[in-house]
Amino acid sequence: MATTADDVWRILAELAQSQKETERIIKEQSIAAERSRQEFERNRQETDRRFQQMTLETDRRFQETNHLFRESDLKFQQLSQEVNQQISAVSQEISNVNQQINQVNQEISTVNQQISTVNKQISAVNKQISSLGGKWGRFVENIVAPSCETIFLDRGIDVHQVSQRVRKRVNGDTLEIDVLVTNQDSVLVVEVKSSLGVEDVKDLIVDLKRFRQFFPEYEQKRLYGAVAGIEIEGRADIYATNQGLFVLKQKGEAMGIVNTPEFQPKTF
């Protein structure tokens, strides 16, 4: 069963939504972990401060106790009891801190489990992206290439042959072309992207400038360029038009030229 443009749209939308959800989960988990770490650090510092205060107070009272011991055994016993109570309080605080540490460790363990889950989700997304290779090829075959046979006739460019996934290697360098349209006196190079950006347009212009090095058989033919995309990002269509390139965009089940009727393509 052939993959339609709607299938491609739906897959891309699902991937984008999955990526956003993954980024949101990671961000929330990072914030939660940071809060736990900061809370633990504050508790630890407060405990250290209290412990130091208690230690100083204990030392002072111990000295007082030695002094009072010489005066009265009763006073010594009373002070010893107070010291024991303070030590008990410090021990309780230490116990509380240990409980907080255990709680933080549990939270860290939970975060690690969540990160592991996110990593699995990312792995699944990567597999989905990898699976798009075949589907993207079918998209080129079923939508862009057949459309090229008709849409350029309206712009005065006869179409004698449409070739897909043309690849040529010269002196260790490779030039890959998604769709190559030719007629008796013209050749048209079409770059196809799921999401077309300005950098994609710039890359095509570079390829057009070195096209004749790889295909000297078209030396005497006029060379045109075109970009096609499911989505257009960052006003890439306007940039491509200003560079003299045809711009193709999905219109229903086919592709169409979005340049104005007055547009004059540049020959490279």
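Before moving on, here are some points about what is shown:
- Only residues that are under 16 Å from the mean Cα position of the chain (by Cα) and open to solvent by 70 Å² or more (accessible area, probe 1.4 Å) were counted in segment 1-20, giving 4.
- For segment 41-85, the set of residues classified as among the hydrophobic types (A, V, I, L, M, F, W, C), more than 30 Å from ILE101 (Cα to Cα) and open to solvent by less than 60 Å² (accessible area, probe 1.4 Å) consists of LEU68, LEU79, listed by residue number.
- When segment 84-99 is limited to residues that are under 12 Å from MET54 (Cβ atoms) and hydrophobic (A, V, I, L, M, F, W, C), the one that is nearest to the chain's Cα centre (by Cα) turns out to be ILE94.
- Note on segment 63-100: residues that are modelled with pLDDT under 75, in contact with a helix residue (DSSP H, G or I) (Cβ under 8 Å, 6 or more places away or on another chain) and farther than 30 Å from ARG42 by Cβ amount to 7.
- Flag if LYS251 is over 32 Å from the mean Cα position of the chain (by Cα), surrounded by fewer than 22 Cβ atoms within 10 Å (Cβ to Cβ) and either closer than 16 Å to PRO146 by Cα or in contact (Cβ under 8 Å) with a residue 24 or more places away in the chain (or both): no
- Residues of segment 242-261 satisfying the condition of being closer than 16 Å to VAL201 by Cα and outside any loop (DSSP other than H, G, I, E, B): ASN242, PHE246, VAL247, LEU248, LYS249, ILE257
- Check on VAL190, in contact (Cβ under 8 Å) with a residue 40 or more places away in the chain and in a strand (DSSP E or B): yes
- Residue within segment 200-213 that is closer than 19 Å to ASN183 by Cα, without any contact (Cβ under 8 Å) to a residue 12 or more places away in the chain and either open to solvent by 40 Å² or more (accessible area, probe 1.4 Å) or not hydroxyl-bearing (Ser, Thr, Tyr) (or both) present: yes
- Residue, modelled with the lowest pLDDT, within segment 1-46, restricted to residues that are in a helix (DSSP H, G or I) and β-branched (Val, Ile, Thr): VAL8
- Hey, SER195 at pLDDT below 95, under 28 Å from the mean Cα position of the chain (by Cα), surrounded by fewer than 20 Cβ atoms within 10 Å (Cβ to Cβ) and small (Gly, Ala, Ser) or not: yes
- Of all residues in segment 159-178, those that are under 27 Å from GLU149 (Cβ atoms), among the acidic types (Asp, Glu) and either open to solvent by 60 Å² or more (accessible area, probe 1.4 Å) or free of Cβ contacts under 8 Å to residues at least 24 places away in the same chain (or both) total 1.
- Whichever residue in segment 145-158 is open to solvent by less than 40 Å² (accessible area, probe 1.4 Å) and small (Gly, Ala, Ser) and, among such residues, is farthest from GLU253 (Cα to Cα): ALA145
Yes/no per residue for (1) in a helix (DSSP H, G or I); (2) among the hydrophobic types (A, V, I, L, M, F, W, C); (3) in contact with a strand residue (DSSP E or B) (Cβ under 6 Å, 6 or more places away or on another chain); (4) within 13 Å of ILE257 (Cα to Cα):
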| residue | (1), (2), (3), (4) |
| --- | --- |
| ASP203 | yes, no, no, no |
| LEU208 | yes, yes, yes, no |
| GLU217 | yes, no, no, no |
| ILE230 | no, yes, yes, yes |
| ALA240 | yes, yes, yes, yes |
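The values are calculated or read from the model by the stated rules, or taken from the named source; none is laboratory data. These figures come from a predicted structure and were not determined experimentally. Quick reminder, even Gly has a Cβ in these numbers, built from the backbone with ideal geometry, and neighbours come from all protein chains shown. These accessible areas exclude ligands, DNA and RNA; they are computed on the full protein's heavy atoms, side chains included. Shrake-Rupley method; radii C 1.70, N 1.55, O 1.52, S 1.80 Å.
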